[in-house]
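What follows is a short report on a single structure.
Rule-based calculations on the coordinates, nothing more; no lab input. None of these values were measured; they are calculated from a predicted model. Because the Cβ atoms are built from the backbone with ideal geometry, glycine has one as well, and the counts that use them run over all protein chains shown.
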Amino acid sequence: MLADNYKKLLENIEVAAARAGRDPQDIQLIAVTKYVGLNEVKEAAKVGIKDFGENRVQEADEKIKQFPGLNWHFIGHLQSNKAKDVLPYYTMIHSLDRLSLAKALQRCGERFNLTANVLVQVNTSGEESKFGLAPDEFPRFLEKIKSYDRLRVRGLMTMAPFYDDPEAVRPFFRELRYLRDQYSSNEFDLEHLSMGMTNDYMIAIEEGATIIRVGSALFG
Ligand SMILES: *Cc1c(COP(=O)(O)O)cnc(C)c1O
C-alpha cells in the first residue's frame, strides 16, 4: 500500500517536473508522519524515504529516538521555549516566523555550538488561521536576523489554504518564489522553497518547489 502510494507519488513528481521543464531530482520529498506511528515510519524508510516531517515536538520524540538515522524536519509552529528540544535533533526547521523564535534559536545554537538550518515561513495567502510573516514583512525580517550567526537561512516555506481546485493556490506559491528570487543575495542563499502538500504538490512543483511535504498521499 505505502509502496504503491510512493510509486504513484514519484510518478506524479516526474509529470509535474516535466511540465515545468525541471529535473525531478531537484525536488526533495518529505514524508509527513504526524498522523502515523513507528511502523509507518519504518515502512517508509524501507521503501527508501530518508526525510520525514513532524509538527509537534512531543509526538515526534519517540520516532526520532527510534530512527535517529533519518532526516527529521520540523514543520509545525514552534514555541520559543521548545527551541532547545528541536534544534539538536532536526535537520531543518521550516517554520521560522518571528523574531523571538530567531532569538531563541540563536541562543540555543550558541549554547550547543550548533547551527540551525531554517526556512522562513511566509503566509502568502493572508489566511488568518495560518502562521507566517506577511510577505511585506519578509525583507525587514531578513535584515534583522542578518547578524544571527547560528541561523542558516536556507529558503522559504508556505502553507496554502485548502481548496477543492488546487489551481486556486497557484498564486500563493508564485508569491513565495517571487520573494525568493527577489531577496536571494550573497548574504542569503535562499535555495529552498518548501511548498506543496497532498492536495497541491503538483502545482507547487510547477511553481518551483524544491521541497514538498506529503502526508495523506503516502500514508492514506
Ligand atoms: C500535515 C502537514 C503536511 C502534510 O499534509 P498532507 O495534506 O497530509 O499531505 C505538510 N505540511 C505541514 C506544515 C503540515 O502540517
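Observations on the model:
- Cα-based shape type of the range 133-220, given that a ≥ b ≥ c are square roots of the gyration tensor eigenvalues and the cut on a/c is 1.5: prolate
- Using a Förster distance of 41 Å, the FRET efficiency for A20-K103 (Cβ separation, nearest 0.05): 0.65
- Long-range HN-HN contacts of Q121 with modeled amide H, under 5 Å: L96, D97, L133, M157
- Between L38 and A168, the contour length at 0.36 nm per residue exceeds the Cα-Cα span by 43.3 nm.
- Theoretical ellipticity at 222 nm over the chain - DSSP helices of four or more residues, -39500 (n - 2.57) apiece, nearest 500: -11500 deg cm²/dmol
- Between E110 and M1, the distance separating the two model label sites (each 7 Å from Cα on the Cα→Cβ line) works out to 4.9 nm.
- The range 9-82 and the range 155-218: distance between their alpha carbon centers, rounded to Å: 16 Å
- For trypsin sites (Lys or Arg not before Pro), the sites in the range 138-220 that DSSP calls loop and that have at most 15 other Cβ atoms within 10 Å are K146.
- For a paramagnetic label modelled on K46 (point 7 Å from Cα along Cα→Cβ), amide N atoms under 16 Å away belong, within the range 53-90, to 67.
- Within-12-Å neighbourhood charge of I27 [Cβ basis; K, R +1; D, E -1]: -4
- Structural descriptor for the range 122-167: relative contact order 45 percent, calculated from alpha carbon pairs under 8 angstrom and at least 6 residues apart.
- Cut-off of 10 Å, at most 15 other beta carbons, DSSP loop: longest stretch of the chain lacking such GluC sites (Glu not before Pro): 1-126
- Its relative contact order, with pairs defined as Cα atoms under 8 Å and 6+ residues apart, puts the chain at 21 percent.
- For G53, residues with placed amide H under 5 Å, excluding near neighbours: A31, V32, T33, H73
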